[in-house]
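Since the structure comes first, as structure tokens, the remarks are kept for the end.
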Amino acid sequence: MSNIALLERPATAPLRTVPARTEADAPLNTAADLPAARSPRGFALYVGLDEIKAAEAGVSLPLLVDALRRTLAELAPGAETHATVALAPHGSGGKDLDVVRLALHEPGAIARTKAAAEDDAVDEEGGVTVDISRKRVLIDGESAAFTYKEFELLQYLVLREGRTIERSELVSALWQAQDDETPGERTIDVHVRRLRAKLGRYEDIVRTVRGIGYRFDRHADVVIRYGHGTPSPDRF
């Protein structure tokens, strides 16, 4: 049995997803790993391959489908199969596999597309965005030229929101003992001043706790982006 799924546009309404493994290949979960009310009933194998690439390999999409079905019939004669071809506009770009998953409404692909669109909207807003996943800082929608150490310093404070961090802890956490430029505790103040200078009018998001160190508190102008994307429910 065959069917055709048409990819009309990259953004579609997200479907309900269930927590699962990441996309990296992993062993199939056993029934014991799943909620008591659910059990595996089959699997979906997404194949990213257009007709041109298939022809270059000396095959065709129908031939591949037939070969897979015959193999499955030999291994599990009682298995039912359903083949669906994903279509996309010419020149739409993107990886073949990503296009297939989105066209067939795979929940993880839809969630990532939605999250990416939300990220783009956030990038256009004002304030400070500390993007932990991409190691960058946006100020009023523009990427700030932070050095590696400056970002590490800000990230360390952000990930410990609300806690005062002593200068000695910053030194031991961000610099190795063998580093040629390991700063003294007071040199941390210089790094913080440079960090604040690049934050501009948002410099007060890094607070000084007199006689102790520094602290980051939640601020209305600050968005912390830890990473996005709902894990794919793939279990292989």
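Nothing in this text is a laboratory measurement; each read-out follows from the coordinates by a stated rule. The shown structure was predicted, so the numbers you read here are calculated from the model rather than taken from an experiment. A quick note on method: Cβ atoms are made from the backbone with ideal geometry, for glycine too, and the neighbour counts reach across all protein chains shown.
Of note:
- Gain upon complete extension [S133, V47; 0.36 nm per residue less C-alpha separation]: 28.1 nm
- By definition, a body whose alpha carbon gyration tensor gives a ≥ b ≥ c is oblate when a/c is 1.5 or more and a/b is not larger than b/c, and segment 50-110 fits this oblate description.
- Segment 37-50 - phi-based ³J(HN,Hα) in whole Hz, Karplus 6.51/-1.76/1.60, Gly and Pro as x: 7, 10, 8, x, 10, x, 8, 10, 10, 8, 10, x, 6, 8
- Net +/- balance of residues flanking A144 in space, Cβ distance below 11 Å, scoring K and R +1, D and E -1: -2
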